[in-house]
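Participant: Please read through the structure below; I'll follow up with questions.
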Amino acid sequence: MKPKTIIIAVLLAIVVIVLFNNKEESSFWFFGDIRTSKLLILGVFFLIGVITGGVLFRRKKVHPKEYGITNPNAPFTPTALDEHPYSPSNLSDEDREYIRRD
C-alpha cells in the first residue's frame, strides 16, 4: 500500500472513533437553540471542512502556451514539416501531378 493511502485510512479511523464516542445530546446555536447529538454536529462540520479543503486546494491543470507537432510544449518549426515523409519536397513528380489533378 502507498503511504498516502495508509495515512488517509488512519485519519478516517480516528475521525470515526471520535464521532462515535461523542453520541450524547448537546445544544447548538444556529440562529436559534438546537438540541441534537454531537455525532451529527461533528460529522456535518467535518464534511464541510473536507469539501472546503477540496475546493480551495484542488490542483489546476496547466495548459501549455505553445503547441508543436511531436512535443506539445515545443514551438512550431517549419523545418519539422519538411522532414515529414509526406511533405511536398519528398514527393516525386508523378505524385505531384496526381495531387494537382484533384
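Participant: Report yes if some residue within region 61-78 is at pLDDT 75 or above, loosely packed, with under 10 Cβ neighbours inside 10 Å and assigned to a helix (DSSP H, G or I); otherwise report no. Walk me through how you get there before you give the answer.
Facilitator: First, pick out the residues of region 61-78 that are at pLDDT 75 or above: none.
Looking through region 61-78, none of the residues is at pLDDT 75 or above, loosely packed, with under 10 Cβ neighbours inside 10 Å and assigned to a helix (DSSP H, G or I).
Participant: Exactly one condition in (1) in a loop (DSSP other than H, G, I, E, B); (2) open to solvent by less than 80 Å² (accessible area, probe 1.4 Å) is false for VAL18; which is it?
Facilitator: (1)
Participant: Now, a different point. Restricting to region 21-59, name every residue that is aromatic (Phe, Trp, Tyr) and open to solvent by 100 Å² or more (accessible area, probe 1.4 Å).
Facilitator: Going through region 21-59, the residues aromatic (Phe, Trp, Tyr) turn out to be 28-31, 45-46, 57.
Across region 21-59, the qualifying residues are TRP29, PHE30, PHE31, PHE45, PHE57.
Participant: Starting from region 29-55, keep only residues that are under 13 Å from LEU19 (Cβ atoms) and in a strand (DSSP E or B), then list their pairs with residues that are open to solvent by 70 Å² or more (accessible area, probe 1.4 Å) and of a type in the set (Lys, Arg) whose Cβ atoms are within a distance under 9 Å, requiring at least 6 positions of separation or different chains.
Facilitator: Final answer for the pair search is SER37/LYS23.
The values are calculated or read from the model by the stated rules, or taken from the named source; none is laboratory data. Note that this is a predicted model, so its numbers are computed, not measured. FYI the Cβ positions are ideal-geometry reconstructions off the backbone, even for glycines, and counts take in every protein chain you see. All accessible areas refer to the heavy atoms of the entire protein, side chains included, with ligands and DNA or RNA removed. Shrake-Rupley method; radii C 1.70, N 1.55, O 1.52, S 1.80 Å.
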